[in-house]
Amino acid sequence: EDKVVQSPLSLVVHEGDTVTLNCSYEVTNFRSLLWYKQEKKAPTFLFMLTSSGIEKKSGRLSSILDKKELFSILNITATQTGDSAVYLCAVAAGNNRKLIWGLGTSLAVNP
Amino acid sequence: GAGVSQSPRYKVAKRGQDVALRCDPISGHVSLFWYQQALGQGPEFLTYFQNEAQLDKSGLPSDRFFAERPEGSVSTLKIQRTQQEDSAVYLCASSLGGDYYEQYFGPGTRLTVT
């Protein structure tokens, strides 16, 4: 059965810290891995990763995929209170366009 | 439009009533998805359309749930004879299709069944 596992489930840090969120997957016929940020509303798209070893970067956020070890990490440097959210990882696999979702990592950044 | 829109944003229904939730996807997006999200949980897949064809409805929890997208654009999720356990946020997302797997979400409809 296809599955996506995120760790940790929750994390509390202080402003300015750097955090690393993990997403591992076991799926048949991997297509791509996606990261989303969800605050109190709908998830917003952050990154889509298809190739191993190529870092995607947007401001203080970056992400990379390892297709050999079947995982991805999302890094956030110099965290701010506005980074507090649930970060969701999802994988597209097979011919079905349905995404397989992890349970998310709840990040709280304290001032 | 610029993004996915959903209406209504909030809906309160009495147990047993029927409700209809609407989703307007991003113009030109081929794929449309419906999700149910309970508080503190990730999105749970309900159903998916490619243009007007409903290709996967494996996530619909019961035959009280029905979705359509007759012209391949706007979609409606209908819930008949609502129950309290149907209370959740219903999210719609659209995707361009092809090699573009990223889905863009609407703001959701919060359904409360009393």
Worksheet item: Are any residues in segment B:20-61 aliphatic (A, V, I, L, M), open to solvent by less than 20 Å² (accessible area, probe 1.4 Å) and within 17 Å of residue B:7 (Cα to Cα), and if so, which ones?
Response: B:21, B:32
Fill in: Counted residues, segment A:101-111 - those being crowded, with 20+ Cβ neighbours inside 10 Å and within 19 Å of residue A:42 (Cβ to Cβ)
5
Worksheet item: Under the condition of being open to solvent by 30 Å² or more (accessible area, probe 1.4 Å) and β-branched (Val, Ile, Thr), which residue from segment B:94-114 is nearest to the other protein chains (Cβ to nearest Cβ)?
Response: B:112
Worksheet entry | Search result, residues across segment A:59-111 that are over 15 Å from residue A:20 (Cα atoms), within 14 Å of another protein chain (Cβ to nearest Cβ) and among the polar types (S, T, N, Q) | A:95, A:96
Worksheet entry | Selection count where residues are over 22 Å from residue A:80 (Cα atoms) and among the acidic types (Asp, Glu), scope segment A:1-41 | 3
Practice prompt. Among residues belonging to segment B:6-19 that are among the polar types (S, T, N, Q) and within 12 Å of residue B:76 (Cα to Cα), point out the one that is surrounded by the fewest Cβ atoms within 10 Å (Cβ to Cβ).
Written response: B:7
Worksheet item: Only one of (1) open to solvent by 20 Å² or more (accessible area, probe 1.4 Å); (2) among the charged types (D, E, K, R); (3) more than 11 Å from the chain's Cα centre (by Cα) is not met by residue B:86, so which one is it?
Response: (1)
Practice prompt. Take segment B:30-42 and flag every residue that is among the hydrophobic types (A, V, I, L, M, F, W, C), at the interface with another protein chain (Cβ under 9 Å from one of its Cβ atoms) and free of Cβ contacts under 8 Å to residues at least 60 places away in the same chain.
Written response: none
Worksheet item: Give me the pairs: first residue in segment A:56-70 and more than 14 Å from residue A:87 (Cβ to Cβ) and modelled with pLDDT of 95 or more, second residue of a type in the set (Lys, Arg) and surrounded by 13 or more Cβ atoms within 10 Å (Cβ to Cβ), beta-carbon distance under 8 Å, and six or more apart or on different chains, which are they?
Response: A:64/A:56
Fill in: Pairs where the first residue, in segment B:43-54, is closer than 16 Å to residue A:95 by Cα and more than 8 Å from every other protein chain (Cβ to nearest Cβ) and the second is open to solvent by 10 Å² or more (accessible area, probe 1.4 Å) and of a type in the set (Asp, Glu), C-beta under 8 Å, 6+ apart
B:47/B:56; B:54/B:68
Worksheet item: If you check residue B:75 against the conditions, is it open to solvent by 10 Å² or more (accessible area, probe 1.4 Å), more than 14 Å from chain A (Cβ to nearest Cβ) and free of Cβ contacts under 8 Å to residues at least 60 places away in the same chain?
Response: no
Fill in: The listed residue being within 14 Å of the chain's Cα centre (by Cα) and closer than 25 Å to residue B:54 by Cα, out of A:107, A:99
A:99
Fill in: segment A:45-78, subset more than 14 Å from the chain's Cα centre (by Cα) and under 18 Å from residue A:7 (Cα atoms), residue least open to solvent (accessible area, probe 1.4 Å)
A:77
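The values are calculated or read from the model by the stated rules, or taken from the named source; none is laboratory data. What you see is a predicted model; the values in this text were computed from it and never measured. Cβ coordinates were reconstructed from backbone atoms using ideal geometry, including for glycine residues, and neighbour counts include every protein chain displayed. The accessibility values were calculated without ligands, DNA or RNA, using every heavy atom of the protein model including side chains. Shrake-Rupley method; radii C 1.70, N 1.55, O 1.52, S 1.80 Å.
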